[in-house]
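*Asks:* Before anything else, here's the structure in question.
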Amino acid sequence: MLDRSVKGAIVTPEGTLVNGWIGIQDGRIVAIGQGEVPQAHRTEDYGECLILPGAVDGQTHATDYGGLPGIAPATASAIAGGITTLVDMPYDNPDPLDREERFDLKVDAIAALAHADMALYGTVTGETRIDHVEGLARKGVVAFKISSFENSPSRFPRIAEDLTLDLFEALAQTDLPLGLHNEDQEIVLARMGRVRDAGVDGIVAHSASRPLAAELAATAQFFAIAQAAGGHAHPVHQTAKESFDITRMFARTGMRATGETCVHYLWFDAARDGEKYGAMMKVNPPVRPDAVDGLWQSLEEGDVAFVSSDHSSWPIDNKFTPSIFDAGAGIPGLETLVPAFYTLARRRGHDAAKMTADMLSSRPAKFFGIDDRKGAIEVGREADLTVLEEGAFVWDAKKAHDGLKWTPFDGETFDVRVRATYLRGELGWDGENVVNPEGSGRVVKRATKGWYA
Ligand SMILES: [Zn+2]
């Protein structure tokens, strides 16, 4: 007899099975069907609700602010948001994940605290150079990430072109992507100085201080180094079609070039929403004016590798600074990623369930080499499931589980809500409460070969 069966409209890679079911044994999917359900110890019937593969959020900053203890609230929020795997950035407070012993400490923290599974980015710093790249790859990081802009000298430093080249050479023979925070240091510093001198402030000044030119320059430079050295180059937040046009240009040379965008770049428009949200909408690179349609065009033409939340764990106090330039960059987003992306896809006339499963699960799972276990409802994979109920749901940030309880998505209406989430066959979110204990999550290591395309 099966451990469990879950009924609903099952979104598989081959299509949606209305009145379908998933059979689960030992945390894995062992059977999928339609109609009569085989005997199971527990059967949950979600009627007409859609059942998608658990989302793999390819970019989170669970530990940037609160350090490793930040794993508990971030993963609680993830599981409530239908995200079963977070791919966490390496910029842990106070020490970035640039050496093997910090990988081990983070794995221990996940085993103790996490409500969802986590895969880990590694990084390099001026101190470690490329000395620990091989060791971290052996430990099981799913990718590396660096920044071309100095966010913090020790935790989130600027990595200049010489070390970037060394790093691409070190990674050239591997499947590990190198992610980039893609903004040009000199352009941003000069433009920021210019708007500050002019006495301009507010979200519009923030946008002007980090122009598209800074993003495009960093993006193209990064691809050019990878083109010469080998390696998989992946700017992690491309905010406009122009960025994806550059990505496609390099990809057409046969090199491994990909780009990612985040759901807030698809939802918000600086021209329309900037005044309303102010610093609450401050992210780097910034949300730009009139960029949404172009980004959708890139996505529809296949130029976007996948969509992520870029969840940042800043308390709201971090936004209430006298100047926009002192406010923290980044927004919480684990509970809004799936509903917001689904809603956008639906409103743009797409098969929203299929597109959500693709952009938020299958593609990131493949990208990070975890698609033997994650990313699709298929026999043999782990039973990570997200149950979506359709309707009209106004998002209330006060109900979030991230310990932050603010977001620019507060008050927005979504076309779905997360009715339940299963992690490896166990219920983690029942639609009202996070019901799995801390320590239910584990680390997910890269396992599959080959690259994303
Ligand atoms: Zn980020």
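The values are calculated or read from the model by the stated rules, or taken from the named source; none is laboratory data. What you see is a predicted model; the values in this text were computed from it and never measured. Please note: Cβ atoms are built from the backbone with ideal geometry, for glycine as well, and neighbour counts cover all protein chains shown. Keep in mind that these areas ignore ligands, DNA and RNA; they rest on the heavy atoms of the full protein, side chains included. Shrake-Rupley method; radii C 1.70, N 1.55, O 1.52, S 1.80 Å.
*Asks:* Could you order peptides 241-251, 331-341, 136-146 by the average number of other Cβ atoms within 10 Å of their residues, highest first?
*Replies:* Values: 241-251: 20.3, 331-341: 27.5, 136-146: 22.4.
Order by mean packing, descending: 331-341, 136-146, 241-251.
*Asks:* With unit charges on the beta carbon (Lys/Arg positive, Asp/Glu negative), name the residue among 105, 143, 85 whose Cα is farthest towards the positive pole of the charge dipole of region 1-145.
*Replies:* The one lying farthest along the dipole's positive direction is 85.
*Asks:* Which of the pairs 374/445; 145/445; 145/366 have their Cα atoms more than 19 Å apart in this structure?
*Replies:* none
*Asks:* Specify whether the C-alpha gyration tensor of region 183-321 places it in the rounded, prolate or oblate class, a ≥ b ≥ c being the square roots of the eigenvalues: rounded for a/c under 1.5, otherwise prolate if a/b is larger than b/c and oblate if not.
*Replies:* prolate
*Asks:* Can you divide the C-alpha Rg of region 55-367 by 2.2 N^0.38 Å and report the result to two decimal places?
*Replies:* Normalised Rg, Cα atoms only: 0.93.
*Asks:* I would also like to ask the following. Could you work out how much longer the chain between residue 189 and residue 111 gets when fully extended? Use 0.36 nm per residue separation minus the Cα distance between them, nm to one decimal. Mind dumping the intermediate values first?
*Replies:* On the way: separation 78, 0.36 × 78 = 28.08 nm, distance 4.04 nm.
Between residue 189 and residue 111, full extension yields an extra 24.0 nm.
*Asks:* Can you compute the modelled spin-label distance between residue 326 and residue 165, with each label point 7 Å from Cα toward Cβ, in nm?
*Replies:* Taking the two extended label points, one gets 4.0 nm.
*Asks:* Could you order peptides 217-225, 372-380 by the average number of other Cβ atoms within 10 Å of their residues, highest first?
*Replies:* Values: 217-225: 20.9, 372-380: 18.9.
Going by the mean number of other Cβ atoms within 10 Å, highest first, we get 217-225, 372-380.
*Asks:* Follow-up. May I ask you to order 44-57, 81-94, 190-203 by the average number of other C-beta atoms within 10 Å around their residues, highest value first?
*Replies:* For the peptides 44-57, 81-94, 190-203, the packing ranking is 81-94, 44-57, 190-203.
*Asks:* Taking all protein chains as present, what is the carbon and sulfur share of the accessible area of region 395-453, in % to the nearest whole number, probe 1.4 Å?
*Replies:* 46 percent
*Asks:* Counting only protein heavy atoms, what percent of the accessible surface of region 252-296 is carbon or sulfur at a 1.4 Å probe?
*Replies:* The value for region 252-296 is 46 percent carbon and sulfur by accessible area.
*Asks:* Determine the percent antiparallel among the DSSP beta bridges restricted to the chain, to the nearest 5. Present the calculation step by step, with values, prior to reporting the outcome.
*Replies:* Values: 32 of 66 bridges.
Given both bridge residues lie in the chain, the antiparallel proportion sits at roughly 50 percent.
*Asks:* Same structure, new question: Relative contact order of the chain, please, whole-number percent, based on alpha carbon pairs below 8 angstrom and at least 6 residues apart.
*Replies:* Dividing the mean separation by the residue count of the chain yields 22 percent.
*Asks:* Skip the ligands, DNA and RNA, and give the accessible area per residue of the chain with a 1.4 Å probe, whole Å².
*Replies:* With the other protein chains kept in place, the chain gives 37 Å² per residue.
*Asks:* What angle do you read, to the nearest 10 degrees and between 0 and 90, between the alpha-carbon axis of helix 185-197 and the longest principal axis of the chain?
*Replies:* 70 degrees
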